[in-house]
Amino acid sequence: PIPISSANMLNLGDLLDEIVASFPEGAGTEEDDSIKIAMIGKPNVGKSSLINKMLGENRVIVSPIAGTTRDSIDTPFEHDGEQYTLIDTAGIRRKSKVNENIEKFSVIRAVAAIERCDVCLLMIDAQEGITEQDKKIAGIAHEAGKGIVIVVNKWDLIDKETGTMNEFKKEIAREMGFMSYAPSVFISALTGQRVNQVIEMAKYVAENRRSEEH
């Protein structure tokens, strides 16, 4: 192994300068006009599965073990001629359950992903209903002033009667009244049910948000 010294570090700096100098002018400075969509929610709620279904291929690791996604993963995507960037974030846990340093960094990166996105897809587990953690995560996106779409996943696993969806919508209104502006969609990332509506709704919210900013 090469010993680390101040001289070696200086040489490394010179090497990096040479590499950067060889880049085409303006490289890395182009603007990204894609609609940036951050997947947020508790661990194991189906964020990575939804991305894979939207892309039609397995681009993100999917596992039943909570906490598989440790980092924010950006995936460029085109749909009906529109450019998107999907950001899969690590699930945000309760602070009491964040024991490992790597989990703490995952939460930080998830919050950073919210800051740089146009729209957040807040994923909720239909079987669990709306939890306190869901509301805390929603509050982060709300306070950041981001567009939000509430995505109720695993809807295929719910025993339904007439009015079941309306009852869940009432629960959303009751528990998340602070973001009554956010539309909701009920999906199954596993079967693909209504997944096509998610991207259209995200585009609608992003365009409305951009028009308001101007």
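Things to note:
- D32 contributes about 80 Å² of solvent-accessible surface, heavy atoms of the protein only, 1.4 Å probe.
- Probe 1.4 Å, all protein chains present, accessible-area order of I130, I137, largest first: I130, I137
- Each residue, M179 and E78, gets one label point 7 Å from its Cα in the Cβ direction; the gap between the two is 3.1 nm.
- Applying the criteria of a DSSP loop state and at most 14 other Cβ atoms within 10 Å to the GluC sites (Glu not before Pro) of the range 125-164 yields E128, E161.
- Note on N166 and A112: their simple-model spin labels are 4.6 nm apart, each label 7 Å out from Cα toward Cβ.
- Per residue, the solvent-accessible area of the range 111-170 (1.4 Å probe, heavy atoms of protein chains only, all protein chains present) comes to 45 Å².
The values are calculated or read from the model by the stated rules, or taken from the named source; none is laboratory data. Everything quoted here is computed from the prediction, not taken from an experiment. Positions of Cβ are backbone-derived with ideal geometry, glycine not excepted, and every protein chain shown enters the neighbour counts. These accessible areas exclude ligands, DNA and RNA; they are computed on the full protein's heavy atoms, side chains included. Shrake-Rupley method; radii C 1.70, N 1.55, O 1.52, S 1.80 Å.
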